[in-house]
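Engineer: Take a look at the following structure, please.
The values are calculated or read from the model by the stated rules, or taken from the named source; none is laboratory data. Quick caveat, the model's predicted, so the values are computed rather than measured. Please note: Cβ atoms are built from the backbone with ideal geometry, for glycine as well, and neighbour counts cover all protein chains shown.
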Amino acid sequence: MKVLILDDEPPARRGMRQVLAQIGVTDVRDVGTIEQAVKALNEERPDVLLLDVELRGGKVGFDLLDTLPAEGIPAIFITAHPDHALRAFEVRAVDYLLKPVDPRRLKESLKRVSQPAEERPFSSEEKVLFRDGSKNVLLRVGDIQVLEASDAYTRLLLGDGRGVTVNGTLKSVRERLNEEIFFLASRSHAVNLDHIANVEDADGGFMILTMANGVKIELSRRHSSEFRRLKAV
């Protein structure tokens, strides 16, 4: 994998090279300005861009994505500024990592770059940009407690009681977020296994799950049996 780093701080570029070396990535080129990055892109197309957000001279890493040579190249933002994350995902960045970078998290992000899109389910720690009506909402996957089917849409129930309705069926959203995180509790609900607060047995072999946010989900007999088998492993 070929990597191009854009960061205006030489120590930061050296540190990023070291992190990449730790995870086995050695084909790396680093630059400090937008102009140098464009030149590097023209000379040799990288597989992924690692971009800082705020650069000297009032420029930002987003400026590079507006140039023709950078079009179609996956980008991962690596920065000390958390407040640009929404914009980063709106321009379809693969990830938005805060300094100092966790090598394991960077390795996961680079793995997503190298995999086909349909093989990239999001992990609990990753953030995903969802469309809620006319606005974009950035959510950490692990903060979603329940997926609730609503015709051709899916409602995401969070720990603070908020609900976000997004495009896509329950099946398609669950596949996008990694099916192993969200247990299919019924035809209309999938629950985050990390947020189950209580499990009750009911008459007839049924079970009732109470989530950390207080939502109760009644499992069918079949799904109750599947849940018992899952928890027995």
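Engineer: Would you point out the residue of the range 46-56, among those that are in contact (Cβ under 8 Å) with a residue 40 or more places away in the chain and within 28 Å of the chain's Cα centre (by Cα), that is surrounded by the fewest Cβ atoms within 10 Å (Cβ to Cβ)?
Structural biologist: Asp47
Engineer: Just for strands (runs of 3 or more DSSP E) wholly inside the range 111-208: which have at least 3 residues that are in contact (Cβ under 8 Å) with a residue 24 or more places away in the chain?
Structural biologist: Output list reads 127-132, 135-140, 144-150, 153-158, 163-167, 182-184, 189-192.
Engineer: Then there's this: Somewhere in the range 91-99, is a residue under 27 Å from Val60 (Cβ atoms), modelled with pLDDT under 80 and not hydrophobic (A, V, I, L, M, F, W, C)?
Structural biologist: yes
Engineer: Need pairs with beta-carbon distance below 6 Å; first residue buried (at least 16 other Cβ atoms within 10 Å of the Cβ) and within the range 86-98, second of a type in the set (S, T, N, Q); sequence gap 6+ or separate chains.
Structural biologist: Within 6 Å, the pairs are Val94/Ser109; Asp95/Ser109.
Engineer: Of all residues in the range 202-221 being among the charged types (D, E, K, R) and at pLDDT 90 or above, which is farthest from Val141 (Cα to Cα)?
Structural biologist: Looking at the filtered set, the residue picked out is Glu218.
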